[in-house]
1. Working out 0.36 nm times the residue gap between C60 and D7, then minus their Cα-Cα distance, what length gain in nm do you get to one decimal?
2. Near the amide H of I9, under 5 Å away, which other amide H atoms are found, from residues 5 or more places off or on another chain, if H is placed in the peptide plane?
3. What does the net charge come to around I2 if you take all other residues with beta carbon closer than 11 Å to its beta carbon, with K and R at +1 and D and E at -1?
4. When all protein chains stay in place, what accessible area (Å², nearest 10, 1.4 Å probe) is found for H97?
5. Taking the highest mean first, how do the peptides 57-66, 18-27, 78-87 order by number of other beta carbon atoms within 10 angstrom per residue?
6. How long is the gain from E20 to S46 if the chain were fully straight, where each residue apart is worth 0.36 nm and the alpha carbon distance is subtracted?
Amino acid sequence: RIDPYLDRIEYHGSREPTTETLRNFTERICSLSPLRISIFRWASPSFYDKIVRHRRGGFCYELNGLFGWLLEQMGFRVVTLSAWVFDKGQPGSAFGHM
């Protein structure tokens, strides 16, 4: 199932889990538009369906969650982190960004 994802991000390079591969993946994944957003569903199969099959963008946790899955499938070790987004010097909600 990773081939359709790689096609979606138009990635045709090495699949070896190296720093260069990660850099190339990151450049490609950042090309997906977060502005084409549908109703939020918190499940990886729905992320795959939305982003790969329906060729849409997504929220940070959808894009990064699916990207993490891809990296794991390619042999990378993935650590998922959340982040706080600050607005005018004030922290937003916990787990507000991935």
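1. On the way: separation 53, 0.36 × 53 = 19.08 nm, distance 2.00 nm.
Additional length available on full extension: 17.1 nm.
2. Long-range HN contacts for I9: none found.
3. Numbers: positive: R1, R8, R15; negative: D3, D7, E72.
For residues surrounding I2, the net value is 0.
4. The accessible area of H97 comes to roughly 80 Å².
5. Most protected by this proxy first, the peptides run 57-66, 18-27, 78-87.
6. Details: separation 26, 0.36 × 26 = 9.36 nm, distance 2.88 nm.
Extending this stretch completely gives an extra 6.5 nm.
The values are calculated or read from the model by the stated rules, or taken from the named source; none is laboratory data. Worth saying up front: this structure is predicted, and the values here are computed from it rather than measured. Because the Cβ atoms are built from the backbone with ideal geometry, glycine has one as well, and the counts that use them run over all protein chains shown. Ligands, DNA and RNA are stripped out before the accessible areas are found, and what is left, the full protein with its side chains, is counted by its heavy atoms. Shrake-Rupley method; radii C 1.70, N 1.55, O 1.52, S 1.80 Å.
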